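Heads up: the structure comes next, in structure tokens.
The values are calculated or read from the model by the stated rules, or taken from the named source; none is laboratory data. Keep in mind the model is a prediction, meaning the values are calculated, not measured. Cβ placement follows ideal geometry from the backbone for every residue including glycine, while neighbour counts extend to all protein chains displayed.
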Amino acid sequence: MTTIIHPLRPARRPRSADASSTSAELRKPSYDCREHTDAVKLTVYVPGVEASGVEIEIRGPDLIVTAHKVHFVRVNWQALHLESAQRDYQLRLRLGHGVDYSALHAEIHQGVLTVVLPKRIPLGESLPAQRVA
């Protein structure tokens, strides 16, 4: 019987040590993204995060939400449950160019971050007329 052993490929190293350690420390939070007629509503569940720990960044058509926890556990303490792990959160979503990022509204309450992004009005279209009763 013949066994074929393939040569090992050289391991790829990360571009920098900081990049690999940063991605290992972050985890993707649970979220819900809903499209409404006039806006996109994003709900991100980030328990243990306060308003001062939330960073919202726009890179082209992408929305990046980074949420840092306030309380950190001692170095020698081990978590028994995954929910208790003290890693920060990062969510990357591609929402496209149809959203007005400059008019976004965000608020956080008890670990639930709500981001509302109004849709852009295409050129040539006007706002729907509102009826006055």
**Prompt:** Quick check, is residue 53 surrounded by 15 or more Cβ atoms within 10 Å (Cβ to Cβ) and at pLDDT below 90?
**Reply:** no
**Prompt:** Within the stretch 78-133, can you find the residues that are loosely packed, with under 13 Cβ neighbours inside 10 Å, at pLDDT 80 or above and among the polar types (S, T, N, Q)?
**Reply:** 102, 110
